[in-house]
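*Asks:* Sharing a structure below in structure tokens format, with a few things to ask.
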Amino acid sequence: MNDLVEQILELIKGKKTAIDMQVIMFQSRSTTYRKLKDEGTSISEIKNLYQDCGAFSVIRKKDDMSRRAFKEELSKFLLCDPDDVWKRFNERYHMGVIEYKKKIKKKNQLTDLEFDLLKRQILFIIRREPHTLKQLCEITNRSRSYVLAALKDLDQVLGGYGGGLGKGYFIVSSEKERLLHASWCANWKKSMQYC
């Protein structure tokens, strides 16, 4: 992550508004928005990723925490008072915390919300520069199988390992790149005698 994104993330954690950010960062909101747009992101995307990552990880640890500690920890990520946690969670995810916890126990794997979050995280990460599968697993803190399943669902993401393609997974921006990748895959399969 670069300095601007980290700086904005710290301000979001401190529950600062866009006007507060303008004063603290000594630059206008339009300048901040323009810099983020150049990087392909926005304040709301950073905020949503922060909230979702934190909320889901806290809920997974719910059984190891007291009710009060759980509410306080969850309120940090939902950016609200501990008394409003249940209401805020319900508004954001259209289900209660207990209902979500039951889904986790029933599935014993990633829920649909967590899998969607993983896909958004991967897009956020590789939008700036390509990353290898190992790097994506380390950054998202997920296993290879989950990351590969998420990558398979993302049509605009392809992987390359040389031969005109960068190393790692990247976002496809043109049909030419897609054709180059298909040609590379065909040549690789042929060289490995998979055909």
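What follows is calculated from the coordinates using simple rules that are stated; it is not laboratory data. Computed from a predicted structure; not experimentally measured. A quick note on method: Cβ atoms are made from the backbone with ideal geometry, for glycine too, and the neighbour counts reach across all protein chains shown.
*Asks:* How much FRET efficiency would the formula 1/(1 + (r/R0)^6) give for D83 and D63, where r is the Cβ-Cβ distance and R0 is 22 Å, rounded to 0.05? Intermediate results must be reported in sequence, preceding the final value.
*Replies:* Numbers: r = 22 Å, r/R0 = 1.00.
Approximately 0.50, to the nearest 0.05.
*Asks:* So, one more: Would you kindly derive the ³J(HN,Hα) couplings of region 175-180 from the backbone phi angles with the Karplus curve 6.51 cos²θ - 1.76 cosθ + 1.60 (θ = phi - 60°), listing them in order in whole Hz, with x for Gly and Pro?
*Replies:* Karplus-based 3J(HN,Hα) across region 175-180 equals 5, 4, 5, 5, 5, 4 Hz.
*Asks:* Test of understanding: what is the full-extension gain from I98 to S30, defined as 0.36 nm times their sequence separation minus their Cα-Cα distance?
*Replies:* 20.4 nm
*Asks:* Give me P(r) over region 25-133, computed from all C-alpha to C-alpha distances, binned every 10 Å, as integer percentages.
*Replies:* Result returned by the calculation: 13, 38, 29, 17, 3.
*Asks:* Residue separation times 0.36 nm, minus the C-alpha to C-alpha distance between K107 and K134: what's the value?
*Replies:* Values: separation 27, 0.36 × 27 = 9.72 nm, distance 2.55 nm.
Answer, rounded to one decimal: 7.2 nm.
*Asks:* Still on this model: Mind grabbing the base-10 log of I(q)/I(0) for region 45-107 at q = 0.21 Å⁻¹? Debye formula, identical points on the C-alpha positions, no solvent, two decimal places.
*Replies:* -0.81
*Asks:* Let me ask another. Given an 8 Å cut-off on Cα distances and at least 6 residues of separation, report the relative contact order of region 86-174 as a percent.
*Replies:* Value for region 86-174: 23 percent.
*Asks:* 5 Å is the cut-off here: which amide hydrogens, built 1.01 Å from N in the peptide plane, fall below it relative to V157, excluding neighbours closer than 5 in sequence?
*Replies:* Here V172 satisfy the definition.
*Asks:* If amide H atoms are built 1.01 Å from N in the plane of the peptide, which residues on other chains or at least 5 residues away come under 5 Å of the amide H of H131?
*Replies:* When sequence neighbours closer than 5 places are left aside, the close amide H contacts are Y169.
*Asks:* To the nearest 10 degrees, how steep is helix 144-153 against the longest Cα principal axis of the chain, on a 0 to 90 scale?
*Replies:* Between helix and principal axis, roughly 80 degrees.
*Asks:* Rounded to the nearest 500, what is the 222 nm mean residue ellipticity of the chain from helices alone, with -39500 (n - 2.57) per DSSP H run of 4+ residues and division by all residues? Could the numbers behind the result be given before it?
*Replies:* On the way: 11 runs with 129 residues, N = 195.
Result for the chain, helices only: -20500 deg cm²/dmol.
*Asks:* Indicate the gyration tensor shape class of region 129-191 (rounded, prolate or oblate), computed on the Cα atoms with a ≥ b ≥ c the square roots of the eigenvalues: a/c under 1.5 is rounded; otherwise a/b larger than b/c is prolate and the rest oblate.
*Replies:* Verdict is prolate for region 129-191.
*Asks:* Relative to the longest principal axis of the chain, what angle (0 to 90°, nearest 10) does the C-alpha long axis of helix 29-38 take?
*Replies:* It is inclined by approximately 30 degrees.
*Asks:* For region 75-83, take each phi angle, set θ = phi - 60°, evaluate the Karplus expression 6.51 cos²θ - 1.76 cosθ + 1.60, and give the result in whole Hz per residue in order, putting x for glycine and proline.
*Replies:* Once θ is set to phi - 60°, the couplings for region 75-83 become 5, 4, 7, 8, 6, 8, 6, x, 6 Hz.
*Asks:* Which peptide among 44-53, 169-178 comes first, and what is the full order, when sorted by highest mean count of other Cβ atoms within 10 Å?
*Replies:* Per-residue mean Cβ counts within 10 Å order the peptides as 44-53, 169-178.
*Asks:* Moving on. Taking Cα atoms, how many degrees apart are the long axis of helix 43-60 and the longest axis of the chain, rounded to 10 and kept between 0 and 90?
*Replies:* Roughly 70 degrees, rounded to the nearest 10.
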